[in-house]
Amino acid sequence: FSDDPLPLDSLKSINAQLSINLKDIDTGYVHIENATLAPQLEDGKFQLDDGRLQFVHGEALASLLFDSGLETPVLELDLKVDSEDYGEMGLEKLAGITGGKGKIRVELNSEGNSQRQLAANLDGQIDMKVKDLVAKGNALNLIGSDILSETIDKLNPFTKKRTQTDIECVAVHFKGKNGNFI
């Protein structure tokens, strides 16, 4: 990450309050039924409280604060994505993954005057539990979890090639302090 100071002077000179309400949006990856966002920028403080995207099979809630008006800028992010079908929320077109019911939670905060300082001071946690996914073709290779089956295929070339992999559950918990996430 760069240690160059973030170019934040322009943020300090703009004041804006927006109210965004959108319906029926097709991004090419996912269909968004409703989007409600009310971002504000005042004296270098960007704030989004309770931004909401509603999908056919779930919703995403986001809150973001970036206060560049302080001597040391502060960043806070809270993201929640719940779904009855993550495949329909873009994973099918993006990575060939269908299905998936669960919850994703991201809570991060940091402070710093550069990308490097923000990364080094990053605290928070990432929690994910998604059940009943189906990975088509080599979608698992995208996330690096298909090493064992590739090794077996090389050792026994007569094994039947799978066209999909059923994943019962994916659970992830990362907790971080001072830029180190475990």
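The values are calculated or read from the model by the stated rules, or taken from the named source; none is laboratory data. These numbers come from a predicted model, not from an experiment. A quick note on method: Cβ atoms are made from the backbone with ideal geometry, for glycine too, and the neighbour counts reach across all protein chains shown. To get the accessible areas, we keep the full protein, side chains included, count just its heavy atoms, and leave off ligands, DNA and RNA. Shrake-Rupley method; radii C 1.70, N 1.55, O 1.52, S 1.80 Å.
Brief remarks on what is shown
- A 1.4 Å probe run over the protein chains yields, for the chain, 66 Å² of accessible area per residue, whole-number rounding.
- Net charge of neighbours whose Cβ lies under 14 Å from the Cβ of Gln115, counting Lys and Arg as +1 and Asp and Glu as -1: -2
- Each peptide in 164-175, 67-78 was scored by the mean count of other Cβ atoms within 10 Å over its residues; highest first, the order is 67-78, 164-175.
- Stretchable slack from Ser10 to Leu22, in nm (0.36 nm times residue separation minus alpha-carbon distance): 1.6 nm
- Label of the coordinate-derived value, semi-axes √(5λ) of the Cα gyration tensor in Å, listed as [x] 50, 22, 14; [y] 31, 20, 13; [z] 37, 23, 13: [z]
- Per atom type, the stretch 1-72 shows carbon and sulfur on 52% of its accessible surface, probed at 1.4 Å.
- Model label sites at Leu77 and His31, defined 7 Å from Cα along the beta-carbon direction, differ in position by 2.9 nm.
- Per-residue SASA entry for Phe66, accessible area with 1.4 Å probe, Å² rounded to 10: 30
- Relative frequency of Cα-Cα separations exceeding 24 Å in the stretch 52-142, percent: 38
- Counting charges near Ile20 (Lys, Arg +1; Asp, Glu -1) among other residues having Cβ under 15 Å from its Cβ returns a value of -2.
- Cα gyration tensor category, rounded, prolate or oblate, for the stretch 4-51 with a/c compared to 1.5: prolate
- Across all directions, the average flat footprint of the convex hull enclosing the Cα atoms of the stretch 1-104 is 8.1 nm².
- Cβ-derived FRET efficiency at R0 25 Å, Arg52 paired with Asn113, nearest 0.05: 0.20
- Dipole magnitude of the chain about its Cα centre (Cβ charges: Lys, Arg +1; Asp, Glu -1), debye to nearest 20: 800
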